[in-house]
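Contents: one structure, followed by commentary.
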Amino acid sequence: MLYYLFKYLEESHQFPGASLFGFLTFRAAVAIILSLLISTIFGKRIIRFLQKQQVGETIRDLGLEGQKEKAGTPTMGGVIIILATLIPVLLLAKLDNIYIILLLITTIWMGVIGFIDDYIKKFKNDKEGLKGRFKVLGQIGLGIIVGTTLFFHSDVTIKEKIPANLQVETVAGQQSSIQFYPEAKSTKTTIPFVKSNEFDYADLITWIHPGLEKYAWIVFVLVVIFIITAVSNGANLTDGIDGLAAGTSAIIVLTLGIFAWVSGNIIFSDYLNIMYIPRVEEITIYIAAFVGALIGFLWYNTYPAQVFMGDTGSLTIGGIIAVIAIAVRKEWLIPVLCGIFLAENLSVVLQVGYFKYTRKKYGEGRRIFKMSPLHHHYQKSGYHESKIVTRFWIVGILLAILTIVTLKIR
């Protein structure tokens with residue numbers, strides 16, 4: 001809203017300083033500062049409100065050190081992250097940008113699912129919360145919305161560079177610095193470790209018959225549904241000890257912010273030889289606000305936590321990360337970038353699968369880990385949760401660096 005106000009003031013009245021809001025970097029800087037202030041200043045008030053409403057965490061006795069002391073800590077703190085993200089975005093972003101619209105829908109959609117889950121747990125005294133099938137249906141619904149919009153919307157395009165041997169020479173007999181084909185719809189995405197770092201979803205079915213290309217949208221939507229479901233559930237499982245989910249998510253989102261800014265800049269995308277995606281740079285504003293909200297939330301969520309994000313926060317965080325990755329066409333980097341989420345997910349799958357297999361084969365279930373998800377295994381091994389969180393953050397930083405490096409490994 002402020003963006004449009006200052007744009008009007010600049011164009012109609014040449015208001016001093018109004019032109020600053022035309023710069024992406026300035027709006028991103030204001031967004032992160034504003035979200036930090038909202039999450040830290042108003043976060044305390046929200047925590048007090050949750051305490052008055054007796055929205056305390058019910059802790060199951062799993063035999064973990066320091067677990068009982070956390071009973072009664074306010075949950076549903078994900079509301080802090082959501083508000084601290086949405087307010088700066090609504091004020092500073094271009095609200096007619098399709099990527100911003102999709103992220104706003106994602107935030108509200110997943111926030112509502114998580115809120116319902118937390119509400120059922122706390123106010124209906126149902127420890128299971130929202131039934132798993134309804135969560136999955138909600139994730140599928142969001143995947144359909146995001147997938148079809150990204151596939152069919154006219155503003156979702158890419159611009160491919162014209163090969164050097166086909167570029168048109170200027171009057172002086174020299175090639176212009178950057179020459180691109182016109183914007184075009186495409187099902188191409190980024191994939192690491194291959195020659196061009198690109199993969200076309202249409203190739204998954206056109207090898208059968210070229211005429212099947214018109215059905216590529218079905219393949220794309222199915223992939224989007226899978227990614228949103230996997231990442232949101234991964235973030236949900238990671239939210240088990242103080243500061244773990246918020247900290248690792250901030251690292252992931254900051255890395256995606258670099259991708260968004262570079263991919264939306266025609267000069268830098270050409271220099272780094274990565275896919276140029278018009279209008280995607282506006283996501284940088286959303287990411288800046290989101291990172292500020294996560295860091296501000298950590299003010300109250302680091303050990304010992306004064307508030308937990310609950311499913312209101314964790315499901316929302318996972319959904320946002322997934323949609324950003326898909327929008328900047330870096331979703332195939334998720335297994336590396338979101339390696340912490342992947343490890344947490346796999347630890348649960350392996351633990352449950354191995355337990356069922358050994359129970360059927362030997363008559364008693366056996367375990368791979370002392371407890372799953374993975375962070376609980378380290379707790380059971382005697383590590384303090386602060387040390388676990390810090391080391392997971394370090395691993396997350398290393399994975400983020402590796403993710404960026406993969407773009408140059410071809």
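Pull out all pairs, ordered by first then second residue, where Cβ-Cβ is under 7 Å, the residues are six or more apart or on different chains, the first lies in the stretch 18-47 and is in contact (Cβ under 8 Å) with a residue 24 or more places away in the chain, and the second is open to solvent by less than 60 Å² (accessible area, probe 1.4 Å) and of a type in the set (D, E, K, R).
PHE21/ARG27; LEU24/GLU281
Among the residues that make up the stretch 287-300, is at least one of them over 30 Å from PHE23 (Cβ atoms), assigned to a helix (DSSP H, G or I) and touching a residue at least 40 places away in the same chain (Cβ under 8 Å)?
Yes, there is a match, as at least one residue in the stretch 287-300 is over 30 Å from PHE23 (Cβ atoms), assigned to a helix (DSSP H, G or I) and touching a residue at least 40 places away in the same chain (Cβ under 8 Å).
List, please: which pairs have Cβ atoms under 9 Å, are six or more places apart or on different chains, and start with a residue in the stretch 182-201 that is on the phi > 0 side of the Ramachandran plot and end with one that is open to solvent by less than 70 Å² (accessible area, probe 1.4 Å)?
Listed by first residue and then by second, the contacts come to PHE193/THR406; ASN197/THR190; ASN197/ILE191; ASN197/ILE274; ASN197/MET275; ASN197/THR406; ASN197/LEU407.
Answer yes or no as to whether PHE308 is aromatic (Phe, Trp, Tyr) and open to solvent by less than 10 Å² (accessible area, probe 1.4 Å).
No: the conditions fail for PHE308.
Only residues that are assigned to a strand (DSSP E or B) and among the charged types (D, E, K, R): list them for the stretch 181-240, please.
Within the stretch 181-240, LYS188, GLU198, ASP200 qualify.
Test VAL352 against the criterion of being under 20 Å from LYS135 (Cβ atoms) and open to solvent by 40 Å² or more (accessible area, probe 1.4 Å), and give yes or no.
Criteria met by VAL352.
For the stretch 276-286, enumerate the residues that are open to solvent by less than 10 Å² (accessible area, probe 1.4 Å) and either farther than 21 Å from GLY22 by Cα or in a helix (DSSP H, G or I) (or both).
Within the stretch 276-286, VAL280, GLU282, ILE283, ILE285, TYR286 qualify.
Take the residues of the stretch 123-143 that are open to solvent by 90 Å² or more (accessible area, probe 1.4 Å) and more than 21 Å from GLN51 (Cβ to Cβ): which is modelled with the lowest pLDDT?
Across the stretch 123-143, the extreme among qualifying residues is GLU128.
Which ranges mark the helices (runs of 4 or more DSSP H) fully within the stretch 313-410 that have 1 or more residues being in contact (Cβ under 8 Å) with a residue 60 or more places away in the chain and farther than 30 Å from ARG279 by Cα?
Here the list reads 339-362, 374-380, 385-406.
From the list VAL405, VAL389, which one is closer than 30 Å to GLY147 by Cβ and out of contact with any His (no Cβ under 7 Å at 6 or more places or on another chain)?
Exactly one of VAL405, VAL389 is closer than 30 Å to GLY147 by Cβ and out of contact with any His (no Cβ under 7 Å at 6 or more places or on another chain), namely VAL405.
For residues that are acidic (Asp, Glu), open to solvent by 30 Å² or more (accessible area, probe 1.4 Å) and under 24 Å from GLY247 (Cβ atoms), tally how many sit in the stretch 69-122.
Of the residues in the stretch 69-122, 1 are acidic (Asp, Glu), open to solvent by 30 Å² or more (accessible area, probe 1.4 Å) and under 24 Å from GLY247 (Cβ atoms).
The values are calculated or read from the model by the stated rules, or taken from the named source; none is laboratory data. These figures come from a predicted structure and were not determined experimentally. Counting neighbours? That spans all protein chains shown, and the Cβs are built from the backbone with ideal geometry, glycine included. Surface accessibility is based on the protein's heavy atoms, side chains included, excluding ligands, DNA and RNA. Shrake-Rupley method; radii C 1.70, N 1.55, O 1.52, S 1.80 Å.
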